[in-house]
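K.L.:
Quick one: structure below, then a few questions.
The values are calculated or read from the model by the stated rules, or taken from the named source; none is laboratory data. Predicted, not measured: the structure shown is a model, and the values here were computed from it. Note that we place each Cβ from the backbone using ideal geometry, even for glycine, and neighbour counts take in every protein chain shown. Side chains included, ligands, DNA and RNA excluded: accessible areas come from the protein's heavy atoms. Shrake-Rupley method; radii C 1.70, N 1.55, O 1.52, S 1.80 Å.
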Amino acid sequence: MIARRTLLKTGASFAALPLVPKSLEAAAPTAEVIEARLAQAQIAPEGYPLTQVWSFDGKLPGPEIRAPQGSRLTRTLVNALSAPTSVHWHGIRIDNAMDGVPGVTQSAVPPGETFLYDFDLPDAGTYWYHSHNQSYEQVARGLHGPLIVEEREGPDVDRDEILMLDDFRLDPETGQIAGFGNMHDFSHAGRIGNITITNGVFNKTLQARQNERLRLRLINVATARIFDLNVQGLAGWVVALDGMPLDTPRPLNESLLLAPAQRIDLIVDVTAGDGSAAHLVRIEGDEAFSQVLFEVRGVAATQPRGTPSPLPPNPDMVVAGLDGALQSHLQMDGGAMRGFASARMDDRKVSFREAAENGQFWAFNGMVGMPEEPLFVAERGQTVRVTLQNDTMFPHAMHLHGHHFREVHPDGTLGPLRDTLLMFADEQREIAFVASNPGDWVFHCHMLAHAASGMMTRIKVLA
Ligand code: C2O
Ligand code: CU
């Protein structure tokens, strides 16, 4: 038994070990564990109290999971919290049964119980994982971590840094996470925090060298905040969005919006000189803050390198057949200041006021929360177009599970592959994708207080 545990700890695969007797093999744990449990984290600056968070493996963010493209990921979720939970692997074209959505693909894992996640990783890129149960609360308490699927041949960079951008709402007296019943959050822009952090810490600082080439994987794990980002002392390119490579790296010359759940991969060269500083800058109105500070010490090369090659594309991502596509529409209503005249909620017709009395504020196609019937049923392989009309006063980050889509621009051109679309008030946008992945896939706002108060639907792809 001791030898076995040691082997497991070093990450050796059990199935690959010929010395394990067959009878024992069946009983042996075959997956690494990821444990949801309480932890203490120094979110506020040093000198302030530690904050109790809900974590994966005691870490904030959760442990970095890295695996090669084409491999299989297995993790046994152990729930050591006092609330039921689950893990959703955000952005992965995953087997539906492994998607981690309680009530749709599995039951929430009760305290003390486990669930085996076991799935293929068809696509390289920057992904993340998070609780999908009571997610407006559980993700905000810290149940999230990075999932990196490595290209077979990675880009030519000196270093790869994951930067998980987040915010927390802490009680300034105690340093503890403030409560969750705030109706203003549900009905307005969601739960915006009062401290903005990177990789779990305030004022994140990294070391770098002049002309060093970095791959920065930005992941917005906040439940409501849209990050408006820029760089200083760094020059480079956007090479991927929501995990999926751009056909051509896009020079980084304007600020970037990163909505909740979205990712941006950058390849940047450190142009700031030895002894100075570079920044990932967060813009808030007229003000700019250093979200990540790079202390530049030493010189990596005498010159910056030229434009990077595009990352290798992921397989079978062509969105074709737009003309004969199945057409669907998603009408988004509700929220403060506009509300809706009436909507269906649990089989009855309600006014906005009645919905609000039940903590619900938003409707998709006149329906509050998850409908009985999917938004549409697609044949496997069918191309689908969905127009989205945001008739609310707020931005929304619409996330489709199990697929990546492209935006169809008004001139008919297609945007980059994405899994989360940021929409502002009064916008109408259209997306298209090939419904290639069978199952029931939720489609919701990733401002998670909105998802919890009405902005949730699902689609069905036949097997
Ligand atoms: Cu990032 Cu429905 O999830
Ligand atoms: Cu929303």
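K.L.:
Under 18 Å from a point placed 7 Å out from the Cα of D120 along the Cα-to-Cβ direction: which residues of region 365-380 have their backbone N that close?
P.N.:
Under cut-off, by backbone N: 380.
K.L.:
Which is farthest toward the positive dipole end of region 106-246 among N203, G142, P155, measuring Cα position about the Cα centre, with Cβ charges +1 (Lys, Arg) and -1 (Asp, Glu)?
P.N.:
Result: N203, furthest along the dipole toward the positive end.
K.L.:
Charges at C-beta only: +1 for Lys and Arg, -1 for Asp and Glu. How large is the resulting dipole of the chain about its Cα centre, in Debye rounded to 20?
P.N.:
So the dipole magnitude of the chain works out to roughly 820 debye.
K.L.:
Per residue, how big is the convex hull around the C-alpha atoms of region 326-461? Give it to me in cubic angstrom, could you?
P.N.:
Per-residue hull volume (Cα only) is 95 Å³.
K.L.:
Can you give the local net charge around T76? Use residues other than it whose beta-carbon is closer than 11 angstrom to its beta-carbon, Lys and Arg +1, Asp and Glu -1.
P.N.:
-3
K.L.:
On full extension of the chain, what length is gained from S82 through D323, given 0.36 nm per residue of separation minus the C-alpha to C-alpha distance?
P.N.:
Result: 81.7 nm gained on full extension.
K.L.:
Can you send over the carbon and sulfur percentage of the accessible area for the chain, probe radius 1.4 Å, protein chains only?
P.N.:
Carbon and sulfur together cover 51 percent of it.
K.L.:
Would you compute, from DSSP H runs of 4+ residues alone, the mean residue ellipticity of the chain at 222 nm, taking -39500 (n - 2.57) per run and dividing by the full residue count, rounded to the nearest 500?
P.N.:
Calculated from helices alone, the mean residue ellipticity at 222 nm is -1500 deg cm²/dmol.
K.L.:
Could you please state, rounded to a whole Å, how far the C-alpha centre of region 39-69 is from the C-alpha centre of region 150-227?
P.N.:
12 Å
K.L.:
Compute the accessible area per residue over region 32-150, keeping the other protein chains in place, probe 1.4 Å, unit Å².
P.N.:
That works out to 34 Å² for each residue.
K.L.:
To the nearest 0.05, what FRET efficiency results for Q428 and D247 with a Förster distance of 30 Å applied to their C-beta separation?
P.N.:
0.70
K.L.:
Then there's this: Points 7 angstrom from Cα along the Cβ direction at Q40 and N203: gap in nanometres?
P.N.:
2.2 nm
K.L.:
How big is the shadow of the Cα convex hull of region 285-334, averaged over all directions, in nm²?
P.N.:
One quarter of the hull surface, i.e. the mean projection, equals 10.2 nm².
K.L.:
Identify all aspartates and glutamates with a Cα-Cα distance to K59 below 13 Å; exclude those on the same chain that are fewer than 8 residues away in sequence.
P.N.:
Those aspartates and glutamates meeting the cut-off are E35.
K.L.:
Assigning unit charges at the beta carbon (Lys, Arg +1; Asp, Glu -1) and nothing else, what dipole magnitude in debye, to the nearest 20, does region 32-150 show about its Cα centre?
P.N.:
Using Cβ point charges on Lys, Arg, Asp and Glu, region 32-150 gives about 160 debye.
K.L.:
How much length is gained on full extension from H184 to D391, taking 0.36 nm per residue of separation minus their Cα-Cα distance?
P.N.:
So the extension gain works out to 72.6 nm.
K.L.:
What does the extension gain come out to for E151 and T307, with contour length at 0.36 nm per residue minus their alpha carbon separation?
P.N.:
So the extension gain works out to 54.3 nm.
K.L.:
Using only Cα atoms, locate the centre of region 260-305 and the centre of region 403-420, then give the distance between them in Å, rounded to an integer.
P.N.:
Spelled out, the Cα-based centre of one part sits 29 Å from the other.
K.L.:
Sticking to Cα atoms, compute the Rg of the chain to one decimal and its Dmax as the biggest Cα-Cα distance, whole number, in Å.
P.N.:
Both quantities, over Cα of the chain: 22.3, 69 Å.
K.L.:
Could you point to the residue in N365, M164, I192 farthest towards the positive end of the chain's charge dipole, with +1 and -1 charges on the Cβ of Lys/Arg and Asp/Glu respectively?
P.N.:
M164
K.L.:
OK, next. State the answer as a single residue: which of L252, T383, Q176 lies farthest towards the positive end of the charge dipole of the chain, with beta carbon charges of +1 for Lys and Arg and -1 for Asp and Glu, about the Cα centre.
P.N.:
Positive-most Cα among the choices belongs to Q176.
K.L.:
When each pair of different Cα atoms in region 32-150 is counted once in the 1/r mean, what is the Kirkwood radius in angstroms, to one decimal?
P.N.:
Answer for region 32-150: a Kirkwood hydrodynamic radius of 14.4 Å.
K.L.:
On to the next question. Work out the FRET efficiency for T413 and L50 from their Cβ-Cβ distance, taking R0 = 60 Å, and round it to the nearest 0.05.
P.N.:
0.75
K.L.:
Considering the Cα trace of region 155-213, what is its radius of gyration and what is Dmax, both in angstroms?
P.N.:
Rg then Dmax for region 155-213, in Å: 16.8, 48.
K.L.:
Per residue and in cubic angstrom, what volume does the convex hull of the Cα atoms of region 87-132 have?
P.N.:
70 Å³
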